[in-house]
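Structure first, commentary second.
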Amino acid sequence: MVSRTRVLVVGAGFAGYQAARTVNRRLRGRAETVLLNPTDYFLYLPLLPQVAAGILEPRRVTVSLPATLPGVRLVLGEAGRVDLERGRVHYRDPEGRPGELGYDRLVLAVGSVNKLLPVPGVVEYAHGFRGLPEALYLRDHITRQIELAATSADAGERAARCTFVVVGAGYTGTEVAAQGSLFTDALVRHHADRRHPDRRHTSPPRWLLVDIAPRVLPELDRRLSTTADRVLRGRGVEIRPGTSVAEATPDGVRLDDGEFVPTRTLVWCVGVRPDPLVGELGLPVRGGRLTVDPRLRVPGHEEVFACGDAAAVPDLTHPGRLTAMTAQHATRQGRTAGNNVAATLGVGEQHDYRHHDLGFAVDLGGTSAAANPVGVPLSGPLAGAVTRGYHLAALPGNRIRVAADWLLDALLPRQAVQLGLVRSGAVPLDMETPEPARAPGQRK
């Protein structure tokens, strides 16, 4: 029996999901499409801050791979070693058992992980924000701090528990601070309305957004930055541009200007770096990302393609630069990779990856947002509607459920409960290869 040609896609983020779907649709059974991923879902990362803020239920941002990728064989596992000479990928399944998969074509879409800085105490006391367990933990943690503050007799402890420090004013950090400030305001109101005689007065929530960059959203259009800055400051969020964390302790955070901020919450949103698997391949990299040509092929290995955050994709619209590590690029690169893989198997033609940004949207909570669809700057409720419409269009599933949660959040108070599903030790920051702090645009 002659075995079918196998296309193996590693990773089911924005790039991997689209690559698997595209190649499977293009080949229509002419080859076997296999998707290797640690979970059975695609995680829609842009809505993760709304999970942490109690707006969306966790399953709303997880899209079932078997249900939405019919014809694609899912293998649950974490990729380990890639044997390029033998054409095999070694992995471990969720129960720790080793396995391996052969391939005729390989698409590496392993994505990215938290970027760490060599700051004392960060690994021990900071909370990351890259996955569903971290969002669930942060939701419980914030709720718990407000509840503990409401029953504390010590004014200093109350203030520390009601202080929340977010490091990194990029897309994720800005949304976490924006959504989080509304969430804590709602929690404080909840406790004020139901105060027992032995409860103490809860301190007003205090949010700090810290970044070494000179402004929030430093890599986006300045008009988006200005809108986000105005909305955040209007809610009382303290924005500290040009500032970094010098040390994290159990009792607080010391900033590089010498100020010590008493807090029990340090949320680490500094940025991302390519998955460590990329560095273990022994292939050329740029900025830690795997070098590819404009057709997303790995030089010297015509059967291997790479896309998304793991790939150093030339930006043909800005010669000499690489495409940014964004969901917008990853999604479109996944489609290009899928089409080009199919072309190597006789279906269609290969094309270079070329994409002009269609604009960005930042959800700032409530009816506030900052957006610039096709370059048109928007703010306020109109931007909020555009932003939510964009997310519904980009979601490959769960659209009705997400819209229903948004409607319920607008009509009903949020549920102020701890689920206790994820403990702190279950969501550690990655301790490998911390990087020095750099402002956006600073050379490496």
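Report, in degrees rounded to the nearest 10, the 0 to 90 angle that the Cα long axis of helix 14-27 makes with the longest principal axis of the chain.
For 14-27 against the chain, the angle is about 30 degrees.
Rounded if a/c is under 1.5, else prolate if a/b beats b/c, else oblate: with a ≥ b ≥ c from the C-alpha gyration tensor eigenvalues square-rooted, which is segment 331-416?
Note, shape of segment 331-416 comes out oblate.
Normalized C-alpha radius of gyration of segment 169-314, against 2.2 N^0.38 Å? Present the calculation step by step, with values, prior to reporting the outcome.
Numbers: Rg = 21.1 Å, N = 146, 2.2 N^0.38 = 14.6 Å.
Working it through for segment 169-314, the quotient is 1.44.
Restrict the search to segment 94-172; then list the GluC sites (Glu not before Pro) that DSSP places in a loop and that have at most 16 other Cβ atoms within 10 Å of their Cβ. Could the numbers behind the result be given before it?
Working: sites: Glu95, Glu100, Glu124, Glu134, Glu147, Glu157; in loops: Glu95.
Here the sparse-neighbourhood loop sites are Glu95.
Given springs between every Cα pair under 10 Å in a Gaussian network model of the chain, which of Arg297, Arg289, Arg30 has the largest fluctuation?
Maximum fluctuation in the GNM of the chain, among the listed residues, is at Arg30.
How much accessible area does Thr291 have with a 1.4 Å probe, in Å² rounded to the nearest 10?
Answer for Thr291: close to 30 Å² accessible.
Picking from His318, His355, His90, which is most flexible by a Gaussian network model of the chain using Cα springs under 10 Å?
Per the Cα network of the chain with a 10 Å cutoff, His318 tops the list.
Net charge near Ser225: determine it from the other residues with C-beta under 13 Å of the C-beta of Ser225, scoring Lys and Arg +1 and Asp and Glu -1.
Values: positive: Arg215, Arg222, Arg223, Arg230, Arg233; negative: Asp211, Glu219, Asp221, Asp229.
Charge balance in the 13 Å sphere: +1.
To test your reading of the geometry: what angle, between 0 and 90 degrees and rounded to tens, separates the Cα axis of helix 380-394 from the longest principal axis of the chain?
The two axes meet at around 30 degrees.
Order Ser368, Ser225 by their accessible area, 1.4 angstrom probe, all chains in place, largest first.
Details: Ser368 30, Ser225 5 Å².
I get Ser368, Ser225, largest accessible area first.
Got the relative contact order for the chain handy, in percent, Cα pairs under 8 Å and 6 or more residues apart? Mind dumping the intermediate values first?
On the way: 930 pairs, mean separation 90.3, N = 444.
Rounded, it is 20 percent for the chain.
If you find the alpha carbon centre of segment 199-244 and of segment 29-72, how far apart are they in angstrom?
Their Cα centres are 31 Å away from one another.
Run the accessible area of the chain with a 1.4 Å probe and give the carbon-and-sulfur part as a rounded percent.
Roughly 52 percent, rounded to a whole number.
Heavy-atom accessible area per residue, the chain, 1.4 Å probe: how many Å²?
Values: 20070 Å² over 444 residues.
Solvent-accessible surface per residue comes out at 45 Å².
If you add up the charges near Gly99, with Lys and Arg at +1 and Asp and Glu at -1, over every other residue whose beta carbon is less than 9 angstrom from its beta carbon, what do you get? Can you show the working numbers first?
Numbers: positive: Arg92, Arg97; negative: Asp93, Glu100.
Net of charged neighbours comes to 0.
Which GluC sites (Glu not before Pro) from segment 242-350 combine a DSSP loop assignment with at most 15 other Cβ atoms within 10 Å? Could the numbers behind the result be given before it?
Values: sites: Glu247, Glu259, Glu280, Glu302, Glu303, Glu349; in loops: Glu259, Glu349.
Here the sparse-neighbourhood loop sites are Glu259, Glu349.
Angle between the Cα long axis of helix 171-193 and the longest principal axis of the chain, 0 to 90 degrees, nearest 10?
It works out to around 40 degrees.
Residue by residue through segment 115-126, which ³J(HN,Hα) values in whole Hz follow from phi under the Karplus form 6.51 cos²θ - 1.76 cosθ + 1.60 (θ = phi - 60°), with glycine and proline marked x?
8, 9, 10, x, 10, x, x, 5, 4, 6, 10, 9
Once amide H atoms are placed 1.01 Å from N in the peptide plane, what residues at a sequence separation of 5 or more from Phe164, or on another chain, have their amide H within under 5 Å of its amide H?
Arg206, Trp207, Leu208
The values are calculated or read from the model by the stated rules, or taken from the named source; none is laboratory data. Please read all numbers here as calculations on a predicted model, not as lab measurements. Quick reminder, even Gly has a Cβ in these numbers, built from the backbone with ideal geometry, and neighbours come from all protein chains shown. Protein only, heavy atoms only, side chains kept; ligands, DNA and RNA dropped before computing areas. Shrake-Rupley method; radii C 1.70, N 1.55, O 1.52, S 1.80 Å.
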